[in-house]
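What follows is one structure encoded as structure tokens, with my remarks underneath.
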Amino acid sequence: MEKELESLLKEDRVFSPSAEFKKQAAVKSREEYEALYKESINNPEGFWGKVAKELHWFKEWKNVLNEDEPPAYKWFEEGKTNIAYNCVDRYIDTPKRNKAAIIWEGEPGDSRVLTYWDLYREINKCANVLRNMGVKKGDRVIIYLPMIPELAISLLACAKIGAIHSVVFAGFSAQSIKDRIMDCGATFVITADHGWRRGKLLNLKDIVDEAVTDCVNIKNMLVIKRSEHEKTSCHMQKGRDYWYADLMNDAAVTAETEEMDSEDMLFLLYTSGTTGKPKGIVHTTGGYMVYAYLTAKYIFDLKETDVYWCTADIGWITGHSYVVYGPLLNGATCLMYEGAPDYPDKARMWEIIEKYGVSIFYTAPTAIRAFMKWGDDWVKKHDISSLRLLGTVGESINPEAWMWYHRVIGNEKCPIVDTWWQTETGGIMITSLPGAVETKPGCATLPFLGIEAGILDANGQEADTGFLAVKSPWPGMLRGIYGDDERFRATYWSKWENTYFPGDGAHKDKDGYFWLLGRVDDVINVSGHRLGTSELESIFVADSVVAEAAVIGIKHEIKGQAVVAFISLKEGINGDKTLEGNLKKLISEKVGKFAMPERIIFSGELPKTRSGKIMRRLLRDIAEGRSMGNITTLADSQVVESLKEKYEED
């Protein structure tokens, strides 16, 4: 039998929330968390039914959970609600109507503040525009916009009228947009003439025009004017394309809310698949709403006075759940930023935190490692003492990056919620509750309320290290892959009976804490030792000169696989043979000689998707001399060519 996945890291540092933080926290102690968790597992219907009653329903559900035909689980069956109503409308007759809902900062420095009253009127007008253009309940709407308020407004307007939104990150290629249009049968597109990125205008409308050339099902396109430059223009096809502002000017400021069945589809969000064909992940209304609401409430410990900033683009699930839906369901003030974190300089994030008094900051490990690489001086230029809680999302965070985040950004006083979840899960699954749980650098800690997580071996038996598994349904779970039920069942539900398989390896330590080891696809089998890439990478990043690391396995005649490491160094550090030797020795000392890399390639940058994840598949292609295929989802395709040249130099 194949040797089980091994865990390499040993982490003894433990951090407790301060007495001051615990005192004001929604969940104040480990005992309180344990009691809530026990209730949520032993009586899930009672627990989630009680949570759901904190939101507005036009008609209460018949059953909280229907488990008759797994994995086709149904939540809040026959209940009627509307997530846009719960995000905005229910606050309009309360004092919260005058509270800031969205604070927006554009890359050039322009800004807007929309109160809940402002947002209510804009959503209603947009909903009326969509209805007047023939969009109805169940229609699929493609949204391709930069991070401007109209992106959040578009999502909520679609939800208001029961249209299904599918957001495509503004930067994906025309082919990526076309693939999604064709897969879901979209009839309508919302886009903008341009978007800003690092001081340059991106011609978004031109990209969409190319995408819809052969898409005869696209009837209309709504275009938001982002650029005021006289020299910029875009093609507007008569009878199909309409300026957003023109139609909004004439739209009524009140709109009827569609009463949605809890299991009606809310949105489709496409995620990459191993076959190359994107998967249209289906999320429905009621369960997703309840789960986004509670996770945001407890994990970010939201208070009335908070200014909350999740740096994710709304084109990703993190933006859906924790820029738009989760925070607004809790009546929070959300900050949105359009541009790059290093434009016009590397202090931009800290400048924004100081400017708006941001108190909660939720970002990705890849961003944190970039901040580390740029150096502490950029942070010290600004007063970021308003911060009280930090978060990390997207992949496992290396312990030393966690420590830098804790020390330099959190000033050793802000709890860090390290969150594990996926597009498919709808919301955060494993994390600490900041006032209740001690944290360890690089560790996601414990399952969220209602999440029955475990670690299983290939035979489905409990193990300390192995495959992460979710053993029972939860409200935010995906309901399918659009148009492909067979793929849905095969991908997520075929490994074990009635158990969700996320595709990640994990380790549980003596305290019951969960450590994520990366995708099982990324496991390297070296001389019979099955090693997770994320732990090897963390050993590299613990070295003071290393900013980022990506580890892959390549074929080896004797070992089966050998380790190759791609290393990005901190600014001012040059990679040479001496440093390569020192880093190889580091792995030998920490893990063993068997894991010592065959090669280390130094690079200024590593190839990443536009969501910031390192593309290890491309690194394997480089190392094994294969064609790299589609690289349109990369943030910078030139990085790959540069690495390829360096790899082939020896």
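The phi-based Karplus calculation (6.51 cos²θ - 1.76 cosθ + 1.60; θ = phi - 60°) puts the 3J(HN,Hα) values of the range 440-448 at 10, x, x, 10, 6, 6, 10, x, 5 Hz, whole numbers, x for Gly and Pro. Annotation: aspartates and glutamates with alpha-carbon distance below 14 angstrom to residue 62 (same-chain offsets under eight excluded): 45, 77, 78, 261, 263.
Can you tell me how much longer the chain between residue 385 and residue 588 gets when fully stretched, taken as 0.36 nm per residue apart minus their C-alpha distance, in nm with one decimal?
Numbers: separation 203, 0.36 × 203 = 73.08 nm, distance 4.07 nm.
The span from residue 385 to residue 588 would gain 69.0 nm if fully extended.
Against the chain, whose longest principal axis comes from its Cα atoms, helix 174-184 is set at around 70 degrees.
Seen against the Cα atoms of the chain and their longest principal axis, helix 285-299 is set at about 60 degrees. Where in the range 349-378 is the amide nitrogen less than 20 Å from a point lying 7 Å along the Cα-to-Cβ axis of residue 304? Zone members listed by number: 357-360. The phi torsions of the range 367-384, fed into the Karplus equation with coefficients 6.51, -1.76 and 1.60 and a -60° offset, translate into couplings of 5, 4, 5, 5, 4, 4, 4, 6, x, 5, 4, 5, 5, 5, 5, 10, 8, 10 Hz, rounded to whole numbers, with Gly and Pro shown as x. Amide H contacts for residue 115 (H built 1.01 Å from N in the peptide plane; partners 5 or more residues away or on another chain; cut-off under 5 Å): 101.
Here the calculated FRET efficiency for residue 556 and residue 22, from their Cβ-Cβ distance with R0 = 56 Å, stands at 0.65, rounded to the nearest 0.05.
Full extension of the chain between residue 45 and residue 254 gives 71.7 nm of extra length, using 0.36 nm per residue less the Cα-Cα distance.
Within the chain, DSSP assigns beta bridges of which about 60% are antiparallel (rounded to the nearest 5). Stretching residue 69 away from residue 485 to a fully extended chain increases their span by 148.4 nm, per 0.36 nm per residue minus the current alpha-carbon distance. What does a probe at residue 525 reach in the range 555-598, counting residues whose amide N is under 14 Å from the point 7 Å along Cα→Cβ? Label zone hits: 555-562. Residues of the range 475-509 with an amide N closer than 16 Å to a point placed 7 Å from the Cα of residue 459 along the Cα-to-Cβ direction: 496-497.
If one computes the Cα centroid of the range 149-204 and of the range 18-35, what distance in Å separates the two points? After rounding, the separation between the Cα centres reads 40 Å. Taking amide hydrogens as placed 1.01 Å from N in the peptide plane, the amide H of residue 92 sits under 5 Å from that of no residue at least 5 positions away in sequence or on another chain. Spatial offset of the range 450-479 relative to the range 300-333 amounts to 27 Å, using the alpha carbon center of each. For residue 561, the residues whose modelled amide H falls within less than 5 Å of its own, excluding neighbours fewer than 5 places apart on the same chain, are 527, 556.
Values quoted throughout were computed directly from the atomic coordinates according to the rules given, and no laboratory measurement underlies them. What you are looking at is a predicted structure, and each value in this text was computed from that prediction instead of being measured. Backbone-built Cβ (ideal geometry, glycine too); neighbour counts: all protein chains shown.
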